[in-house]
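The values are calculated or read from the model by the stated rules, or taken from the named source; none is laboratory data. Predicted model only: the values in this text are computed from it and were never measured. Virtual Cβ from ideal backbone geometry, glycine too; neighbours counted across all protein chains shown.
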Amino acid sequence: MKSFLYENKGEDLICKACRRFCFIKKGKSGFCGQRKNINGKLSVPKGFVSSLAFDPIEKKPIYHFMPSRPTLSFGALGCNFTCPYCQNHSISKPGDSCPVYPFTAEKFADTAVKENIKIAVATYNEPAVFAEWAAEIFYVFRKKIKGAKIGVVSNGYFSEDTLKLWGPPDFINIDLKSFDEDIHRKITGAELKEVLSSIELCLSLGVWTEITTLLVKNLNDSSAEIRKAADYIKSLSSEIPWHITAYRPAYLMNIPATDKQDIEKAVFTAREMGLKHVYGGNVVGDSLGDTFCPSCGKKVYLRRGYLEYSNLLDKGKCPFCSYLLKGVWE
Ligand code: SF4
């Protein structure tokens with residue numbers, strides 16, 4: 001597929017899909033391994049999915065944008081980060097034999113229509129790597145489906161051009177892997193400040209934004225780091241949902257899974273810092289997914305797993321004090 005997200009430098013080129021801005025020599029690929037310079041033109045992924053699923057929006061995780069609605073979620077291959085615990089490494093770091101399935105944007109939209117789904121989400125591997133293909137799917141989806149909504153689950157390293165190519169999307173979940181620059185670089189091989197810049201860009205463009213941190217014991221779970229991250233998020237808005245989820249051993253990392261007490265500790269620390277919507281995830285018997293009214297403190301949305309819920313909100317308004325919670329509820 002032809003890309004517009006690059007700039008020629010003679011026969012070489014610079015890819016502009018993500019904030020790595022790889023300089024790609026003729027015949028070579030960028031850092032993600034999926035975008036190639038073929039005779040001075042950037043060849044990019046298109047026409048296939050590695051994964052396709054009907055997921056509840058809560059699974060992204062997104063809690064404050066059309067809760068309890070189903071999505072049609074898709075992914076391709078490759079990633080621009082190096083996380084050693086990648087939970088989707090089979091597609092983010094694919095070998096030659098990773099299976100993919102031919103697909104078209106029309107077929108994607110038709111599948112959604114058949115199942116009465118109005119939300120499309122690019123997820124599973126980093127969408128910036130297949131920025132143009134995701135944009136094509138979003139375009140057709142929006143054209144064919146009345147009231148369509150578009151979402152992205154990302155590590156936050158997409159470029160501004162990519163975000164704009166996506167519409168921008170209606171909602172996004174951005175990973176905040178660590179709030180310590182050195183730890184962030186160690187985990188991802190990428191710069192924290194660029195991820196923060198993406199979060200701020202999304203907010204400035206009116207994209208509904210939620211944040212996720214996968215908590216790993218003795219790596220990014222210190223109280224000091226949780227407090228710094230909470231302080232930063234609060235400086236943007238105390239009502240940005242922050243999902244603190246438990247790591248499970250995967251890919252190159254085999255230290256034990258994060259336990260529920262560690263997640264609870266981090267969630268309660270962030271709430272004490274003044275954040276109104278901090279959620280725990282990936283823990284058994286999870287009761288950390290409930291939403292409380294920021295004004296009167298009463299429970300207004302109860303969640304158990306992805307599918308069980310009890311919504312007391314009236315079009316986003318607290319039934320006890322009428323406070324309008326931030327989010328898109330209808
Ligand atoms: S999307 Fe891939 S090729 Fe393009 S800048 Fe990012 S890592 Fe490099």
Out of all the residues in the stretch 240-256, is one or more at positive phi, without any contact (Cβ under 8 Å) to a residue 40 or more places away in the chain and in the same structural domain as Thr123 (by TED's automatic domain parsing)?
no
Subset of the stretch 155-207 (residues that are farther than 18 Å from Glu136 by Cα, in contact with an Asp or Glu (Cβ under 8 Å, 6 or more places away or on another chain), of a type outside the set (A, V, I, L, M) and surrounded by 17 or more Cβ atoms within 10 Å (Cβ to Cβ)):
Asn155, Gly156, Tyr157, Asn173, Ser178, Phe179, Asp180, His184
Would you point out the residue of the stretch 31-47, among those that are in contact with a strand residue (DSSP E or B) (Cβ under 8 Å, 6 or more places away or on another chain) and farther than 19 Å from Trp166 by Cβ, that is surrounded by the most Cβ atoms within 10 Å (Cβ to Cβ)?
Asn37
Take the stretch 165-175 and flag every residue that is free of Cβ contacts under 8 Å to residues at least 60 places away in the same chain, part of a loop (DSSP other than H, G, I, E, B) and more than 16 Å from the ligand (Cβ to nearest atom).
Gly167, Pro168, Pro169
I'd like the full set of residues that are acidic (Asp, Glu) and within 17 Å of Ile62 (Cα to Cα), limited to the stretch 180-224.
Glu210
In the stretch 296-313, is there at least one residue being in the same structural domain as Pro94 (by TED's automatic domain parsing), under 22 Å from the mean Cα position of the chain (by Cα) and closer than 18 Å to Tyr63 by Cα?
no
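Scan Ala148, Ala122, Ala109 and give me the residue that is within 25 Å of Lys177 (Cβ to Cβ) and in contact (Cβ under 8 Å) with a residue 12 or more places away in the chain. Steps first, answer last, please.
Working: Ala148 fails: within 25 Å of Lys177 (Cβ to Cβ); Ala109 fails: within 25 Å of Lys177 (Cβ to Cβ).
Matching residue, one of Ala148, Ala122, Ala109: Ala122.
Yes or no, residue by residue, for (1) modelled with pLDDT of 95 or more; (2) more than 16 Å from the ligand (Cβ to nearest atom); (3) closer than 27 Å to Phe81 by Cα; (4) touching a Phe, Trp or Tyr at 6+ places or on another chain (Cβ under 6 Å):
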{"residue": "Glu106", "(1), (2), (3), (4)": "yes, yes, no, no"}
{"residue": "Ala112", "(1), (2), (3), (4)": "yes, yes, no, no"}
{"residue": "Ala120", "(1), (2), (3), (4)": "yes, yes, yes, yes"}
{"residue": "Asn125", "(1), (2), (3), (4)": "yes, no, yes, no"}
{"residue": "Ala128", "(1), (2), (3), (4)": "yes, no, yes, yes"}
{"residue": "Ala131", "(1), (2), (3), (4)": "yes, no, yes, no"}
{"residue": "Val152", "(1), (2), (3), (4)": "yes, no, yes, no"}
{"residue": "Leu163", "(1), (2), (3), (4)": "yes, no, yes, no"}
Identify all residues within the stretch 9-28 that are surrounded by fewer than 20 Cβ atoms within 10 Å (Cβ to Cβ) and more than 7 Å from the ligand (Cβ to nearest atom); write none if there are none.
Lys9, Gly10, Glu11, Asp12, Ile14, Phe23, Lys25, Lys26, Gly27, Lys28
Which of the residues spanning the stretch 60-76 are assigned to a loop (DSSP other than H, G, I, E, B) and crowded, with 24+ Cβ neighbours inside 10 Å?
Lys60, Ile62, Ala76
